[in-house]
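Following: one structure in structure tokens, then a few remarks.
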Amino acid sequence: MVYFAAMSKKVRTAYVCNACGQDHAKWQGQCSSCGEWNTLSEVRLESNSVAASRSLPGTQQATPQLLSSLEGQEVSRLRLPGKELNRVLGGGIPAGALVLIGGEPGIGKSTLLLQTALRMLGSRVLYVSGEESSQQVKLRADRLPGDNPDLYLLPETDVEAILTACQQLHPALVIVDSIQTLYSGALESAPGTVGQVRECATRLLRYAKETGVPVLLVGHITKEGSLAGPKVLEHMVDAVIEFEGERHYQYRVIRSVKNRFGPTPELGFYEMQHTGLKEVANPSALFLSSSESAAAGVAVAATLQGQRPLLVECQALVADAAYGTPQRSANGIDMRRLSLLLAVLEKKCNLRMGSKDVFVNLAGGLRLDDPGMDLAIVAALLSAYFDTPLPPHALFVAELSLTGALRLPVRLEHRLTEGQRMGFIRGFGAQASGQALPEGLTYHGLAHVAELLPTLFG
Ligand code: TYD
Ligand code: MG
């Protein structure tokens with residue numbers, strides 16, 4: 001009797017939603033939490049799995065404490081080499097933080113993390129590679145600047161072996177490339193499955209919280225654009241940084257989409273060179289093409305990304321629809337935002353957009369969602385519609401409401417000052433009485449979008 005009890009392993013089957021990370025006791029076609037269809041995967045939770053026991057890291061029995069009796073402590077942060085990654089993380093990586101860096105294959109995640117490790121002089125770093133052999137990592141390291149004498153490589157996918165190595169080495173930072181390749185012996189499923197990803201991330205989370213050592217995790221993004229593995233991974237980690245860029249362009253963007261220790265969305269810019277990723281000091285220059293600024297259908301938006309202003313060129317093409325239903329295409333901005341702006345133009349400026357094909361792009365394949373860009377998109381559309389270039393060296397900055405009224409975006413002065421620095425001499429936006437504006441830049445404040453047309457083209 002006793003013998004059988006010892007032999008039987010307690011196994012519980014649960015179904016985890018890939019979209020929202022919710023657990024379900026039985027399989028169902030639709031997730032009752034987020035409403036998505038066909039997103040449930042089976043996970044086998046065994047009694048010795050860490051994820052199975054939901055309690056967090058090293059927490060013995062916690063007791064309630066009065067908030068007022070607690071002392072607020074500034075989190076200590078490990079400064080990483082270079083400015084961009086630090087800024088996106090909110091000023092370095094906090095002690096004990098688990099940070100996920102997601103991106104499509106080949107975008108440069110391994111390059112960024114390896115060059116970070118190589119430049120961390122004076123810090124012991126453990127770089128765990130589950131995808132490449134030590135030889136491959138070494139070959140890549142030879143191309144990159146920096147030579148950290150205290151950098152250790154570990155080609156390993158077993159999470160227990162990785163944690164053992166961590167305990168022996170006492171590193172200041174652990175990098176794991178990638179979470180999808182790891183597996184834990186506590187589960188029978190294959191690496192990359194929902195259960196394994198969750199189990200391994202939980203083990204690493206526990207290690208980070210217990211020791212205070214920050215862990216950087218690489219995660220792959222699927223073709224549909226979501227992080228492979230369950231959404232639960234995004235819930236577990238302290239920060240999620242997305243790595244994006246167009247294959248046809250040299251530049252790469254890192255963007256914080258979640259950060260428990262800093263502001264979002266903060267952006268960082270790099271250029272991919274043959275010696276790794278080089279930081280871009282002046283990103284506004286990257287998304288302005290001086291040769292095209294005199295063309296019809298081009299307007300420059302003064303946007304704000306996190307704490308930093310960024311100028312970006314909006315390009316529009318408006319043409320008579322040749323076949324049946326007019327086409328709409330938006331690259332870099334939300335398609336629904338474009339539809340809304342077109343409807344406002346149709347209704348409030350009496351333009352016949354309904355019979356036109358409309359294409360809108362942000363220069364350089366950039367993707368932004370600042371509502372302060374509305375006016376620039378509208379100006380580009382008007383310029384394309386009338387096939388007339390906009391006044392030279394002009395900036396546009398305002399949010400548009402459904403009534404066609406223009407609204408001030410946050411930190412107008414900050415945006416305009418960036419424009420002035422980049423050689424712009426006039427700005428168009430919402431009425432800004434009482435706002436401090438940079439001298440040397442003529443600002444045209446408008447109340448309604450209908451005023452834009454006569455102001456621009458007379
Ligand atoms: P990689 O970091 O391997 O991407 P990920 O880890 O996100 O899959 O980046 C691979 C690409 O970067 C590859 O196409 C080659 C290019 N690359 C450079 O252009 N310069 C370099 O110095 C390095 C190391 C890579
Ligand atoms: Mg890689």
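Bear in mind these aren't lab numbers, they're just calculated from the coordinates by the rules spelled out. No experiment lies behind these values; they were computed from the predicted model shown. Here the Cβ is made from the backbone with ideal geometry for all residues, glycine too, and neighbour counts use every protein chain on show.
What pairs from Lys109/Lys209; Lys231/Lys278; Lys231/Lys356; Lys26/Lys109; Lys83/Lys109; Lys83/Lys209 go past 28 Å between their alpha carbons?
On the way: Lys109/Lys209 24 Å; Lys231/Lys278 31 Å; Lys231/Lys356 39 Å; Lys26/Lys109 37 Å; Lys83/Lys109 17 Å; Lys83/Lys209 26 Å.
Listed pairs above 28 Å: Lys231/Lys278; Lys231/Lys356; Lys26/Lys109.
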Margin query: Taking θ = phi - 60°, what integer Hz values does the Karplus form 6.51 cos²θ - 1.76 cosθ + 1.60 yield along the range 211-220, in sequence order, with x for Gly and Pro?
Written below: 9, x, 7, x, 10, 9, 10, 8, x, 7
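Which order do the peptides 23-30, 193-200, 265-272 take when ranked by the mean count of other beta-carbon atoms within 10 Å per residue, highest first? Walk me through the numbers on the way to the answer.
Numbers: 23-30: 11.2, 193-200: 26.4, 265-272: 20.9.
Descending mean neighbour count gives 193-200, 265-272, 23-30.
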Item checked: Counting DSSP beta bridges with both ends in the chain, the antiparallel % (nearest 5) -> 55
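Over every pair of different alpha-carbon atoms in the range 78-281, take the mean of 1/r and invert it; report that Kirkwood radius in Å.
Details: mean 1/r = 0.0596 Å⁻¹.
With all distinct Cα pairs of the range 78-281 included, I get 16.8 Å.
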Margin query: I need Ser256, Ser355 ordered by Cβ neighbour count within 10 Å, fewest first.
Written below: Ser355, Ser256
Next item on the list: Return the distance in nm (one decimal) between the two label points of a simple spin-label model at Glu74 and Arg44, each offset 7 Å from Cα along Cα→Cβ.
Entry: 5.1
Margin query: If I stretch the segment between Thr455 and His248 completely, what's the gain in nm (0.36 nm per residue apart, minus their alpha carbon distance), one decimal?
Written below: 70.8 nm
Next item on the list: Please determine, in degrees from 0 to 90 and to the nearest 10, the orientation of helix 134-143 with respect to the longest principal axis defined by the Cα atoms of the chain, where the helix direction is its Cα long axis.
Entry: 30
Margin query: Using +1 at the C-beta of Lys and Arg and -1 at the C-beta of Asp and Glu, which of Ile93, Gly103, Gln180 has the Cα lying farthest in the positive direction of the dipole of the range 78-281?
Written below: Ile93
Checklist line | Using a Förster distance of 30 Å, the FRET efficiency for Thr388-Val410 (Cβ separation, nearest 0.05) | finding: 0.45
Check: By how many nm would the segment from Thr164 to His235 lengthen if fully extended, with 0.36 nm per residue of separation less the alpha-carbon distance?
Finding: 23.0 nm
Next item on the list: Relative to the longest principal axis of the C-alpha atoms of the chain, give the angle of the C-alpha long axis of helix 109-119, reported between 0 and 90° and rounded to the nearest 10°.
Entry: 70
Check: Regarding the range 366-411, what are the three Cα extents along the principal axes, ordered largest first, in Å?
Finding: 29, 26, 19
Margin query: In whole Å, what are the extents of the chain along the principal axes defined by its C-alpha atoms, from largest to smallest?
Written below: 92, 52, 52
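Using the Cβ atoms and a cut-off under 14 Å, what net charge is assigned to the surroundings of Ala302, where Lys and Arg are +1 and Asp and Glu are -1?
Within the 14 Å Cβ shell, the charges total -1.
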Margin query: Can you give me the angle between helix 412-421 and the longest principal axis of the chain, using Cα atoms only, in degrees from 0 to 90, rounded to the nearest 10?
Written below: 80
Check: Relative to the present Cα-Cα distance, how much length would full extension add between Cys34 and Thr63 at 0.36 nm per residue of separation?
Finding: 7.2 nm
